[in-house]
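Written out below as structure tokens is the structure these notes cover.
Each reported figure results from applying straightforward, stated rules to the coordinates on display, with no laboratory input. Note that the coordinates shown come from a computational prediction; the quantities given were computed from them, not determined experimentally. FYI the Cβ positions are ideal-geometry reconstructions off the backbone, even for glycines, and counts take in every protein chain you see.
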Amino acid sequence: MPKIKVYLDNCTYNRPYDDQKNIIIHMETEAKLVIQQMIKDNKIDLIWSDVVDYENNDNPFEERRIKIQEWEDLAFFKIQMDDEITEKAREYMKTGLRQKDASHIACSVHGSCDYFITVDKKILNKQIIDITIIDPIGFLRRLQNDG
């Protein structure tokens, strides 16, 4: 049985650095850390992209930028932007997504990911038929329910 492929956007990678006093942020962080451990344990496959690199390079916090970049080495595969992905991103932008968010989703679809994991509420509220968009807590719940 093939492993589940996941794509995490930059908001998700940065979640542990957000204010953990908010219970939802704390729970999303804990769920994200479990997902990361599953990646390290080779239970699920991480898909990386040029868009993650591009957005992470804009991170003003050097330590965070370096820690996030280390995940590229654990990625099963890296998606490189091309004209086809750019065109797909333009389609997704018609739903109201910002360019970077649409590009992340287009990369995840191109990489045949099963899940696009995000904590960005604007993305979570979008319905993209090509991929399941889910938050870290929902992802773990889905895995548990699916056995």
Exercise. Name the residues whose placed amide hydrogens come within less than 5 Å of the amide hydrogen of D45, ignoring near sequence neighbours (fewer than 5 apart) on the same chain.
Key: I4, K5, V6
Quiz item: Sorted by mean Cβ packing within 10 Å, highest first, what order do the peptides 96-102, 133-139 take?
Solution: 133-139, 96-102
Quiz item: How much mean residue ellipticity at 222 nm does the chain get from its helices, if each DSSP H run of length 4 or more adds -39500 (n - 2.57) and you divide by all residues, to the nearest 500 deg cm²/dmol?
Solution: -15000 deg cm²/dmol
Quiz item: Using unit Cβ charges (K, R positive; D, E negative) and no other charged atoms, how large, in debye to the nearest 20, is the dipole of the stretch 25-111 about its Cα centre?
Solution: 260
Quiz item: According to the Kirkwood expression over distinct Cα-Cα pairs, how big is the hydrodynamic radius of the stretch 5-146, in Å?
Solution: 15.2
Quiz item: Among G138, I128, I85, whose Cα sits farthest toward the positive end of the charge dipole of the stretch 5-146 (+1 at Cβ of Lys/Arg, -1 at Cβ of Asp/Glu, about the Cα centre)?
Solution: G138
Exercise. Enumerate the amide H contacts of T132 below 5 Å, restricted to partners 5 or more residues apart or on another chain; note that Pro and chain-start residues carry no placed amide H.
Key: F116
Quiz item: For the chain, what are the DSSP H helices with axial Cα length of 24 Å or more and mean Kyte-Doolittle hydropathy of at least 0.0?
Solution: 23-40
Practice problem: Just subtract the alpha-carbon distance of D53 and K94 from 0.36 nm times their residue separation and send over the number in nm, one decimal. | Solution: 12.4 nm
Practice problem: About the Cα centre of the chain, how large is the charge dipole given +1 on each Lys and Arg Cβ and -1 on each Asp and Glu Cβ? Please answer in debye to the nearest 20. | Solution: 500
